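Let me begin by presenting the structure, written as structure tokens, before commenting on it.
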Amino acid sequence: MLKIAVLAGKGGVKKSSLSRTLAARLVQRGFSAAGFDTDIDQASFARWMQRRINNGIEPTFPVMADVKVN
């Protein structure tokens with residue numbers, strides 16, 4: 001089973017953009033994909049998926065968001 005992870009330190013190096021594009025294209029080709037958003041303050045991956053769902057844009061796939069612990 002092939003697994004791909006895109007990880008790097010905080011900062012604008014387009015990790016979310018690359019991850020979203022890669023996952024969407026893999027799903028279009030019949031693979032399964034899931035996203036995990038660890039930046040809950042920005043939540044760009046999770047908000048992107050919610051906009052796709054709200055606007056009926058396919059494909060969609062699960063995106064989990066980390067939770068803030070107080």
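The values are calculated or read from the model by the stated rules, or taken from the named source; none is laboratory data. As the structure is a prediction and not an experimental result, all values here were calculated from the model. Neighbour counts run over all protein chains shown; Cβ positions are idealised from the backbone, glycine included. The area values use the complete protein model at the heavy-atom level, side chains included, leaving out ligands, DNA and RNA. Shrake-Rupley method; radii C 1.70, N 1.55, O 1.52, S 1.80 Å.
Within the stretch 14-46, which residues are modelled with pLDDT under 90 and part of a helix (DSSP H, G or I)? Selection gives Lys15, Ser16, Ser17, Leu18, Ser19, Ser44, Phe45, Ala46. All of (1) assigned to a loop (DSSP other than H, G, I, E, B); (2) open to solvent by 60 Å² or more (accessible area, probe 1.4 Å); (3) of a type outside the set (Ser, Thr, Tyr) hold for Gly11 with one exception: (2). Checking each residue in the stretch 47-70 for being closer than 20 Å to Lys3 by Cα, within 11 Å of the chain's Cα centre (by Cα), modelled with pLDDT of 90 or more and surrounded by 13 or more Cβ atoms within 10 Å (Cβ to Cβ) picks out Thr60, Phe61, Val63. All conditions but one from (1) in contact with a Leu (Cβ under 9 Å, 6 or more places away or on another chain); (2) modelled with pLDDT of 80 or more apply to Val6; the one that does not is (2). Just so you know, in the stretch 14-46 the residues that are among the β-branched types (Val, Ile, Thr) and farther than 15 Å from Ala65 by Cα include one that is least open to solvent (accessible area, probe 1.4 Å), and it is Val27. Among residues of the stretch 7-27 that are without any contact (Cβ under 8 Å) to a residue 24 or more places away in the chain, those with a beta-carbon under 9 Å from a residue that is open to solvent by 40 Å² or more (accessible area, probe 1.4 Å) and among the charged types (D, E, K, R) at least six positions away or on a different chain give the pairs Leu7/Lys15; Ala8/Lys15.
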